[in-house]
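Here is the structure we will look at, set down as structure tokens.
The values are calculated or read from the model by the stated rules, or taken from the named source; none is laboratory data. Predicted model, so just to flag it, every value in this text is computed and none were measured. Every residue, glycine among them, receives a Cβ derived from its backbone with ideal geometry; neighbour counts consider all protein chains shown.
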Protein chains: 4
Amino acid sequence: MKFEFNQDREFDMIAIGRACIDLNAADYNCPMEETMTFTKYVGGSPANIVIGACKLGLKTGFIGKISDDQHGRFIEKYMSDAGIDTSNIVVDKEGHKSGLTFTEIKSPEDCSILMYREEVADLYLKPSEINEDYIRRAKILLVSGTALAKSPSREAVLKAVALAKKNEVKVVFELDYRPYSWASAEETAVYYSLVAEQADAVIGTRDEYDVMENRFNGKNEETIEYLFKHSPELIVIKHGVEGSFAYTKSGETFRGQAYKTKVLKTFGAGDSYASAFLYALVKGKGIDTALKFGSASAAIVVSKHSSSEAMPNVEEIEELISVNA
Amino acid sequence: MKFEFNQDREFDMIAIGRACIDLNAADYNCPMEETMTFTKYVGGSPANIVIGACKLGLKTGFIGKISDDQHGRFIEKYMSDAGIDTSNIVVDKEGHKSGLTFTEIKSPEDCSILMYREEVADLYLKPSEINEDYIRRAKILLVSGTALAKSPSREAVLKAVALAKKNEVKVVFELDYRPYSWASAEETAVYYSLVAEQADAVIGTRDEYDVMENRFNGKNEETIEYLFKHSPELIVIKHGVEGSFAYTKSGETFRGQAYKTKVLKTFGAGDSYASAFLYALVKGKGIDTALKFGSASAAIVVSKHSSSEAMPNVEEIEELISVNA
Amino acid sequence: MKFEFNQDREFDMIAIGRACIDLNAADYNCPMEETMTFTKYVGGSPANIVIGACKLGLKTGFIGKISDDQHGRFIEKYMSDAGIDTSNIVVDKEGHKSGLTFTEIKSPEDCSILMYREEVADLYLKPSEINEDYIRRAKILLVSGTALAKSPSREAVLKAVALAKKNEVKVVFELDYRPYSWASAEETAVYYSLVAEQADAVIGTRDEYDVMENRFNGKNEETIEYLFKHSPELIVIKHGVEGSFAYTKSGETFRGQAYKTKVLKTFGAGDSYASAFLYALVKGKGIDTALKFGSASAAIVVSKHSSSEAMPNVEEIEELISVNA
Amino acid sequence: MKFEFNQDREFDMIAIGRACIDLNAADYNCPMEETMTFTKYVGGSPANIVIGACKLGLKTGFIGKISDDQHGRFIEKYMSDAGIDTSNIVVDKEGHKSGLTFTEIKSPEDCSILMYREEVADLYLKPSEINEDYIRRAKILLVSGTALAKSPSREAVLKAVALAKKNEVKVVFELDYRPYSWASAEETAVYYSLVAEQADAVIGTRDEYDVMENRFNGKNEETIEYLFKHSPELIVIKHGVEGSFAYTKSGETFRGQAYKTKVLKTFGAGDSYASAFLYALVKGKGIDTALKFGSASAAIVVSKHSSSEAMPNVEEIEELISVNA
């Protein structure tokens, strides 16, 4: 099966959600307490995904809200320089700051992050700042789950999803679950279900689907039985080193392998996966190939220092796939 | 056309939303400043609707949250004594109070209300307090729009709607728009659209549909064109003294006349309308008859002092209809 | 010892704090759940105190914030009609409501109240709404402890106290402790101590002084040892039916007896006590006489239905004192 | 005049307030948007002051609240390693983060900061976390004005000031005004006045005294006339490059000159001033000498990259003074 898109749309993908600042510890294998120097990158799952997709050659745009300060201006310029359309990035005028993520890499297996997410600008995107004319120019609206965590960003995303469906834009829901920001697990489950039921494709880890279903140790079969009663036609469930599964409404199942690389850290794997997986779909490749693209891209990013800067190009991905064929 | 229900369900209607306290000025034709005595009633749109429906003979239940104080206990006892199942009314344990509505009747044309809705218990109903087993016992889940105004009540209602649909319970959405409590008109429109699109029937005034569509002077034709692309099969739009319209997905239109009575005040008209309209539908009467029931019930309530206590019985409604036939 | 006032001041007393609505159950000896009718009065400790003082013949004014609705207008008119200067009562323009107190009298020994204090107008009085020219026209600034419970009312009161001291207005601090509204017992203790240390006279129950000292079972001797290191010259500590004690910085102790009356309810006793006690001081009577006035006034109010309306006149107080002499 | 201290106290100075993280742009003369690397330091006015005082040889302690994460642990370790007693630094257990300050040095005249102060741990210090036994061990309690900006830190500071006065610890109030965090200028004025009136010494810029008095273009003479009616015995008012003035209650006035140095940035000048000024007072030097110490220390810090790390030792200060003598 192939996942079909509306070919008369100008943008391959428009993402909605947060674009933030990563401050990566300059040192590896070191507790952050002892790190005295940090390097700045653009971060945030949907920002990373469009940056990755743009590097692969897709035409992309971004809908989000950034701070009216040096960090916000850096984000806008970085994305614009990368080739992303930033015309629908709104500058916050109420003093909200850009979210921050300090990363700590004690060892490849022991990575952690320290996030600043209080009153961040991205969660203040308003429904009135969502532009129907812009959304209808896209093949894909990529929705990041974290953007549902708080009002008014939550309502902005719900409105964007409604407009995408009205205008036959494929809604891809990247679950991107982050426990902070949410009031309760029940609240997350309500909105994750609501958007997943309306999406055309859903991508997430097994743990993230459990969050959506508000349960533990859920089974893929039950998840797809539930979601295929609603809009989704394609469901991707990632199981870490065991690889990932793609299910179609028509009944097919595909399994993708994880590629082995020298892992430096775990950050950015999911975002690079999504960007390359969706690139492959947009380019008309089969789902089995798309799974390989996703896995290869993730493997490359975890071997490098940053998430956004490290996004691979098509040649790097194809080379890794061919080496492992 | 008839609106069909799942006949094997124990409850004709379960309503979800607020049950509050009305404090009605003892005096008519008097500014509230000069009123020294107030009489207490149960109030709140969905509470009034089930009280009215119960009086007409339907088997009803209620899902909501009440204060752990004298007002909350009064509400529970009144509803229970009226014959409503109160097993799914939750008592708030976090100190939230019951909502209050002081009414003022300066003249039949000049009525106003003074509401206490800060941190009220009904808006603290949580999704974890929604019981799937209970919802599946109903023919109708009646959803009151005001219950969507704030979290966590908002998520509780969204969950209840999802469970109703999963269990083939008809969702009737009474728009019941109250401007306080909502953060913005855009926010209201997002949730009203979301629930209306999932409902089986929607009832509201023309103004309330405009709120749902976030516009002014909307046309019924555009409203039904929009909603009939989604779940609704029946849409009732009320135009005050000009009567009300019912539209079906299959293309029928019905018009109901407003009945003239000696108007004492305007409160309670919408709630009594909904209770009698839904009673008629449940009893298998045609939509044209249901419109008459709604209008007659409203006419009776506006001629009396309270909203809940004044709900008519079937004989009163039928008599008014026959007098005006 | 006599407590001396600046005799060239126009107002005997200006009070600062809340003026609210009492809704008294029409029925006695009845749980509120069964009470269907409520009677409206002006309430709130400092409002009651000025109403009582005004009835006794003092020239009084009030500083506070009321709601821009029927309840606020009722409060303003009632106080104005009672003879209180209301020129410094500010009308809230941000939608805050008047506080409400429903009273329940199950028996003379079993009275309770149900309060609505969320986002009430009185706690939104701002420091910029405090008028130095007004305060300097008073002999006494009566400060109610509850007005310290939240910002910005807290800062308005702190500013008023500073201005009173600067202008040689006697600050009388009525502790008036209400557990709701305060964030913690520690917070209450900080502000109660701060204002008590700056006051010229402090009035409260033994329990309220314990709140100020953040302790249990405090001793009067320790309380006065602490406070007399600071500004206070007069400290009144009430012990309910055991009567009250007045201590002066110069070392005198006075004991007042409680008067026996047919008790109907306990509400309003403290407010009527303060109004009559301060009336006596202003009129140049000795502290021993002032204690009698306070006790007599309290005894009269607890035998009647309301707090504000029931405030006695001088003749009633003197008669009760002479009968018990 | 000399400012006398209780000589039997173990700590020369205990400071209360915030200890945070500075992230200084690695590049000079560069907009922050273009800076990719940041260096981490401990920051926050009272933390800088004790670090500076400690480096000069005073025995110091700190009262504050830090985050339970890598940043909080870095702060605690840095201060402890510097020789500061950290036994009364509390670790926040409610998820609050350390405050952050990104610095930008476009030119020596054009420096700016970007602060993260939402829900920061330091503003969650509670009154119950203030330890009387600790405070009474100090000669000086140094209070930072910013710690008054929000509850419960505000109440913790008010309690600490009360305990200091009770135990004859000199209260030095460093106004340290930062516009964010405060609800209004009026609110700041209320608390700044309240603490300044109770302090033994007050230090601030002319602009900060204007904030305390809620006015513009205030005069030093009016400021000292007001404050000397209350507790203060020593008032220092800084006028930037025009130098600073010290006033004593006994009527003396001292003027200190600003020292010229190669200015790199303006951050940290006030903190280094306070640490050296207070060091001199504690060491029994005259006020005129203390003013020189303050100015010299400030001049040294503004010529270096950080605020805390750059604090000079006594020899550096004395050398600068002697060179300019």
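Descriptive notes on the structure:
- Strands (runs of 3 or more DSSP E) enclosed by region B:17-136 - at least 1 residues per element that are in contact with a helix residue (DSSP H, G or I) (Cβ under 6 Å, 6 or more places away or on another chain) and more than 12 Å from every other protein chain (Cβ to nearest Cβ): B:60-66, B:85-91
- Residue in region B:242-261 that is in a helix (DSSP H, G or I) and either at pLDDT below 95 or more than 25 Å from B:THR39 (Cβ to Cβ) (or both) present: yes
- Test result for A:ALA160, within 12 Å of another protein chain (Cβ to nearest Cβ), closer than 24 Å to A:TYR209 by Cβ, surrounded by 19 or more Cβ atoms within 10 Å (Cβ to Cβ) and touching a strand residue (DSSP E or B) at 6+ places or on another chain (Cβ under 8 Å): yes
- Some residue of region A:52-64 being at pLDDT 95 or above and more than 18 Å from the chain's Cα centre (by Cα): no
- Verdict on A:ALA147 being in contact (Cβ under 8 Å) with a residue 12 or more places away in the chain and closer than 17 Å to A:ILE203 by Cα: yes
- Count of residues meeting criterion [touching a residue at least 40 places away in the same chain (Cβ under 8 Å) and under 18 Å from B:ALA156 (Cα atoms)] in region B:189-235: 4
- Within the set A:ALA19, A:ALA25, the sole residue that is among the small types (Gly, Ala, Ser), modelled with pLDDT of 95 or more and crowded, with 21+ Cβ neighbours inside 10 Å turns out to be A:ALA19.
- Listed conditions (1) buried (at least 24 other Cβ atoms within 10 Å of the Cβ); (2) closer than 19 Å to A:ILE14 by Cα are all met by A:LYS283, apart from (1).
- If you filter region C:173-201 down to residues that are touching a strand residue (DSSP E or B) at 6+ places or on another chain (Cβ under 7 Å) and farther than 19 Å from D:LYS165 by Cβ, you find that the one that is nearest to the other protein chains (Cβ to nearest Cβ) is C:TYR180.
- Among the residues of region C:293-325, just one is in a helix (DSSP H, G or I), out of contact with any Gly (no Cβ under 8 Å at 6 or more places or on another chain) and of a type in the set (S, T, N, Q), namely C:SER322.
- Odd one out for B:LYS238 among (1) farther than 22 Å from B:GLU319 by Cα; (2) surrounded by fewer than 18 Cβ atoms within 10 Å (Cβ to Cβ); (3) free of Cβ contacts under 8 Å to residues at least 60 places away in the same chain: (2)
- Residue within region C:222-237 that is within 14 Å of chain D (Cβ to nearest Cβ) and of a type in the set (S, T, N, Q) present: yes
- Qualifying residue in region A:130-137 (condition: in contact with an Asp or Glu (Cβ under 6 Å, 6 or more places away or on another chain), farther than 30 Å from D:GLU119 by Cβ and not aliphatic (A, V, I, L, M)): yes
- In region B:92-107 there is at least one residue matching the filter, namely being surrounded by fewer than 19 Cβ atoms within 10 Å (Cβ to Cβ) and touching a residue at least 40 places away in the same chain (Cβ under 8 Å).
- Matching helices (runs of 4 or more DSSP H) fully within region D:137-237 where at least 2 residues are among the acidic types (Asp, Glu): D:185-198, D:206-213, D:220-227
- Summed over region B:269-292, residues that are in a helix (DSSP H, G or I), of a type outside the set (Gly, Ala, Ser), closer than 14 Å to B:GLY57 by Cα and out of contact with any Asp or Glu (no Cβ under 7 Å at 6 or more places or on another chain) total 4.
Residues are listed down the side, and each one gets a yes or a no for (1) in contact with a helix residue (DSSP H, G or I) (Cβ under 7 Å, 6 or more places away or on another chain); (2) closer than 26 Å to B:GLN198 by Cα:
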| residue | (1), (2) |
| --- | --- |
| B:THR253 | no, yes |
| B:LYS262 | no, no |
| B:ALA299 | yes, no |
| B:SER303 | no, no |
| B:SER308 | yes, no |
| B:LEU320 | yes, no |
